[in-house]
């Protein structure tokens, strides 16, 4: 095995280099530490502990793999940049996530320099399974520090791990830590600060055909360039085994090497068909030996896990518990969040009342109070529900129950041609289809992944919650059903079920038409049960709620203001005299107030409200938005929607939650300095000026909610699907398919309901 | 060894094991990509595997190997030949 130990001999000396600036730049930049590890090893918890709140999330260029980076201050005060890599079992890539891990660790990732140090996180409670990645990582020949995580849990479970022996075997520092309690973190920071030399690869047998091929390729590798600082043998193994033909690694080597690699692969395929197994077989022999020497199990495997699993994955109790758990989540989601929502609603109204009078009546006051405050306020109100939903999702994930849910659901998911793995992206889509669709990256099979992407938007996301909450709150009476359920909660539950059913039907249809094909490999780890860390759960909740608010703060505010403009302009000629009159009435009212004539002041204010509503009505009828809404009214009238809903539907293509702020803007115009009537009341009591009847009925509300369950009304979803599928065909297909389905379903609900006399 | 005992030692696939049964991997077959993924997860010849349980609908199955629990479909478990332990 030829592993260069004298790196200085192959690295170009700065004095010889023609371009010295990059070299200087490299010296000046902060040390980069990449955190690698398998799934469920506690990598992210450790990353959070090391970086605290100093972290940022972005994407790697060209792919949608999340790049989490942060800064960590070490013991002696120096700061290093820390990169949290996606969890992986092996450095041989099978998914875009794994390609990124390999590319970063081999220094061929476009925007990321070769890490100065790799921090490998190993879960001491199940070491054997993770040593595979460890062996490959050490073989790269770059400095490694091993964090032996969950050492306290391992001791409790009766597993002794000899860290000193592992340290000797790897030739790399091994630091026992506990990400949960934070013990050992000081020692870990110290180890990260020291100059760590390249580790010593663990001796292992490698069958001759693969070894000889790797040696041939290693001998051809150039001594300078991107891969020069790494073990040439490892680079050769990666080239041979990674299956790439024109990927980032293959492009990093000269053409002659690429040709040789392809030739060797086909020769090995012909002569030794099982050559790809040589690496795993060799590694596992060495791992078994290492495990025998370095670990000792003094107690049998945890029987607690067995007892819990016996119930949670029981043939009858398992699915029952799962469904009950889901129902409870959505019931409590609605009820627990309500007091908080009311409090925020009250705060936002108070803000409008406080700021409004300080501004002159007219366009500016209208812009600030009705455009900005009302728009953003209507969205912020729903943060509690989003926070609750993510609280449950991350509790399930961190406790280990999410994997059991996938285990239980797999057979069912397979009946629509998907795997239990699709369950997690789909479950995430209940919060937002964007992270959900991005989470499909873990699905190796392209057809499975596409199907999951296309059905993910049917899951009722948190952006639909504001819409559901508004309509349920306004039109569904708070009655109890069967004694223990309440009607609003039950309706909400049914909306979620409808989305799931639509997804099942569409997936089933897709798998039988456009996306037919062989089933992929499905293997999923069932991690041990753990008590979730409160800090990590709350961090997830904060991140997700933060992302939503960020979106609300930028896109929603911008859309609210644009919509305020579209709903306010062009100004109708009738508005001018009305506004003049309004100012006069307000003036009189405040003078009366100053003189202490309360009755007259109150009468003046009431007249002002009336005038404001009239102004709003007149402006809206003739505004750009009103015209657009009326233009589509004939198409949506059979669904029970009027042109005002039409405006809301059009504007919600920016993002579904915009529907709420649109309705707020549409109905609140000129009605913010005395917000006595909430949006719900407005909707309930809205009248059709042509007939004098109520514009909206509970049946219309149901039809509208069904429309929102099924329609693709989210610009961001379309954009992310475009990016994930790398085509415009799929997102266009998705928009057409979903909206056609939504129209048909709403038509059936509204017309069917009317026939049954429910209108 | 009785002839019946010899018959019991005959190679079976992982999918045919009963819950609680232990076996040793003898051979894994399949397309190269699938083979590689299974091997990387530790399904190499000579590995001891316990079938822990079947999912409520009979499929997938939960396996224990090398101190880790995995869930795997019976269609894939069928490609792993085992000798009863």
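The values are calculated or read from the model by the stated rules, or taken from the named source; none is laboratory data. All values reported here derive from a predicted model rather than from experimental measurement. Cβ placement follows ideal geometry from the backbone for every residue including glycine, while neighbour counts extend to all protein chains displayed.
Return yes when residue A:68 is under 23 Å from residue A:150 (Cα atoms), at pLDDT below 90 and out of contact with any strand residue (DSSP E or B) (no Cβ under 8 Å at 6 or more places or on another chain) and no when it is not. Spell out the reasoning first.
On the way: under 23 Å from residue A:150 (Cα atoms): yes; at pLDDT below 90: yes; out of contact with any strand residue (DSSP E or B) (no Cβ under 8 Å at 6 or more places or on another chain): no.
When the stated conditions are applied, residue A:68 does not pass them.
Residue check: is residue A:560 modelled with pLDDT under 80 and surrounded by 16 or more Cβ atoms within 10 Å (Cβ to Cβ)?
Details: modelled with pLDDT under 80: yes; surrounded by 16 or more Cβ atoms within 10 Å (Cβ to Cβ): yes.
The answer is yes for residue A:560.
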Quiz item: Could we say that residue A:225 is in a loop (DSSP other than H, G, I, E, B), out of contact with any helix residue (DSSP H, G or I) (no Cβ under 7 Å at 6 or more places or on another chain) and within 30 Å of residue A:48 (Cβ to Cβ) here?
Solution: no
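Would you check if residue A:280 is within 13 Å of chain B (Cβ to nearest Cβ) and part of a loop (DSSP other than H, G, I, E, B)? Walk me through how you get there before you give the answer.
Numbers: within 13 Å of chain B (Cβ to nearest Cβ): yes; part of a loop (DSSP other than H, G, I, E, B): no.
Criteria not met by residue A:280.
Please find, among A:265, A:258, the residue that is assigned to a helix (DSSP H, G or I) and either at pLDDT below 90 or over 38 Å from the mean Cα position of the chain (by Cα) (or both). Before the answer, list the steps.
Working: A:258 fails: either at pLDDT below 90 or over 38 Å from the mean Cα position of the chain (by Cα) (or both).
Only one candidate passes the filter, namely A:265.
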Practice problem: Identify all residues within the range A:239-273 that are within 13 Å of another protein chain (Cβ to nearest Cβ) and surrounded by 17 or more Cβ atoms within 10 Å (Cβ to Cβ); write none if there are none. | Solution: A:240, A:241, A:242, A:244, A:265, A:268
Exercise. Return only the number of the condition from (1) crowded, with 19+ Cβ neighbours inside 10 Å; (2) closer than 30 Å to residue A:89 by Cβ that residue A:530 does not satisfy.
Key: (1)
Practice problem: Starting from residues that are in a helix (DSSP H, G or I) and modelled with pLDDT of 80 or more, keep the ones in the range B:1-31 and report whichever is surrounded by the fewest Cβ atoms within 10 Å (Cβ to Cβ). | Solution: B:16
Exercise. Can you run down the residue pairs with Cβ atoms below 7 Å, 6 or more apart or on separate chains, where the first is in the range B:17-40 and more than 23 Å from residue A:240 (Cα to Cα) and more than 11 Å from chain A (Cβ to nearest Cβ) and the partner is at pLDDT below 90 and surrounded by fewer than 16 Cβ atoms within 10 Å (Cβ to Cβ)?
Key: B:22/B:85; B:23/B:84; B:23/B:85; B:24/B:85; B:26/B:11
Quiz prompt | Cross-chain or 6+ apart pairs with Cβ under 6 Å, the range B:52-68 first and more than 7 Å from chain A (Cβ to nearest Cβ), then in a strand (DSSP E or B) and modelled with pLDDT under 90 | solution = none
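In the range A:476-483, is there at least one residue being touching a residue at least 24 places away in the same chain (Cβ under 8 Å) and buried (at least 22 other Cβ atoms within 10 Å of the Cβ)?
First pass over the range A:476-483, keeping only residues touching a residue at least 24 places away in the same chain (Cβ under 8 Å): A:476.
Remaining after also requiring buried (at least 22 other Cβ atoms within 10 Å of the Cβ): none.
No, that holds for no residue.
Has the range A:406-418 got any residue that is under 23 Å from residue A:651 (Cα atoms), touching a helix residue (DSSP H, G or I) at 6+ places or on another chain (Cβ under 9 Å) and touching a residue at least 24 places away in the same chain (Cβ under 8 Å)?
First pass over the range A:406-418, keeping only residues under 23 Å from residue A:651 (Cα atoms): none.
No, there is no match, as no residue in the range A:406-418 is under 23 Å from residue A:651 (Cα atoms), touching a helix residue (DSSP H, G or I) at 6+ places or on another chain (Cβ under 9 Å) and touching a residue at least 24 places away in the same chain (Cβ under 8 Å).
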Self-check item: Criterion (in contact (Cβ under 8 Å) with a residue 40 or more places away in the chain and more than 29 Å from residue A:524 (Cβ to Cβ)) met by exactly one of A:102, A:129, A:76, A:92
Solution: A:76
Quiz item: So, of the residues in the range A:174-200 that are more than 15 Å from residue A:74 (Cβ to Cβ) and not in a loop (DSSP other than H, G, I, E, B), which turns out to be nearest to the chain's Cα centre (by Cα)?
Solution: A:176
Practice problem: Return the only residue of A:101, A:121 being within 27 Å of the chain's Cα centre (by Cα) and within 14 Å of chain B (Cβ to nearest Cβ). | Solution: A:101
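Identify, please: which residue in the range A:296-318 is in contact with a helix residue (DSSP H, G or I) (Cβ under 6 Å, 6 or more places away or on another chain) and either surrounded by fewer than 20 Cβ atoms within 10 Å (Cβ to Cβ) or within 30 Å of residue A:237 (Cα to Cα) (or both) and is, among those, farthest from the other protein chains (Cβ to nearest Cβ)? So that I can check it myself, show each step before the final result.
We begin by selecting, within the range A:296-318, every residue in contact with a helix residue (DSSP H, G or I) (Cβ under 6 Å, 6 or more places away or on another chain); these are A:311-313, A:317-318.
So of that shortlist, the ones also either surrounded by fewer than 20 Cβ atoms within 10 Å (Cβ to Cβ) or within 30 Å of residue A:237 (Cα to Cα) (or both) come out as A:311-312, A:317.
On the way: A:311: 12, A:312: 10, A:317: 9 Å.
Only one residue tops the list, namely A:311.
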Quiz item: Among (1) within 14 Å of chain B (Cβ to nearest Cβ); (2) surrounded by 20 or more Cβ atoms within 10 Å (Cβ to Cβ); (3) under 19 Å from the mean Cα position of the chain (by Cα); (4) modelled with pLDDT of 80 or more, which single condition is residue A:420 missing?
Solution: (4)
Quiz item: Residues in the range A:19-54 that are at pLDDT 70 or above and outside any loop (DSSP other than H, G, I, E, B): how many?
Solution: 15
Quiz item: Scanning for something modelled with pLDDT under 80 and within 14 Å of chain B (Cβ to nearest Cβ), does the range A:521-539 turn up at least one residue?
Solution: yes
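Let's see how each residue does on (1) modelled with pLDDT under 80; (2) over 30 Å from residue A:589 (Cα atoms); (3) not in a helix (DSSP H, G or I):
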{"residue": "A:604", "(1), (2), (3)": "no, no, no"}
{"residue": "A:607", "(1), (2), (3)": "no, no, no"}
{"residue": "A:610", "(1), (2), (3)": "yes, no, no"}
{"residue": "A:615", "(1), (2), (3)": "yes, no, no"}
{"residue": "A:618", "(1), (2), (3)": "yes, no, no"}
{"residue": "A:631", "(1), (2), (3)": "no, yes, no"}
{"residue": "A:637", "(1), (2), (3)": "no, yes, no"}
{"residue": "A:641", "(1), (2), (3)": "no, yes, yes"}
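Considering only residues that are under 17 Å from residue A:144 (Cβ atoms) and in contact with a helix residue (DSSP H, G or I) (Cβ under 9 Å, 6 or more places away or on another chain), which ones fall in the range A:102-111?
So in the range A:102-111, the residues under 17 Å from residue A:144 (Cβ atoms) come out as A:102, A:104-107.
Those that are under 17 Å from residue A:144 (Cβ atoms) and in contact with a helix residue (DSSP H, G or I) (Cβ under 9 Å, 6 or more places away or on another chain): A:102, A:105, A:106.
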Exercise. Please verify whether the range A:363-381 includes one or more residues that are within 29 Å of residue A:532 (Cα to Cα) and either at pLDDT 75 or above or in contact with a helix residue (DSSP H, G or I) (Cβ under 8 Å, 6 or more places away or on another chain) (or both).
Key: yes
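Do we find that residue B:84 is surrounded by fewer than 23 Cβ atoms within 10 Å (Cβ to Cβ), in contact with a helix residue (DSSP H, G or I) (Cβ under 8 Å, 6 or more places away or on another chain) and either within 24 Å of residue A:415 (Cα to Cα) or more than 7 Å from every other protein chain (Cβ to nearest Cβ) (or both) in this structure? Outline the logic, then answer.
Values: surrounded by fewer than 23 Cβ atoms within 10 Å (Cβ to Cβ): yes; in contact with a helix residue (DSSP H, G or I) (Cβ under 8 Å, 6 or more places away or on another chain): yes; either within 24 Å of residue A:415 (Cα to Cα) or more than 7 Å from every other protein chain (Cβ to nearest Cβ) (or both): yes.
In short, yes.
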Quiz prompt | Odd one out for residue A:290 among (1) surrounded by 19 or more Cβ atoms within 10 Å (Cβ to Cβ); (2) under 25 Å from residue A:169 (Cβ atoms); (3) at the interface with chain B (Cβ under 9 Å from one of its Cβ atoms) | solution = (3)
Quiz item: Do the conditions hold for residue A:639, that is, is it in contact (Cβ under 8 Å) with a residue 24 or more places away in the chain, touching a helix residue (DSSP H, G or I) at 6+ places or on another chain (Cβ under 7 Å) and within 30 Å of residue A:749 (Cα to Cα)?
Solution: yes
Practice problem: Confirm whether residue B:35 is at pLDDT 90 or above and in contact with a strand residue (DSSP E or B) (Cβ under 7 Å, 6 or more places away or on another chain). | Solution: no
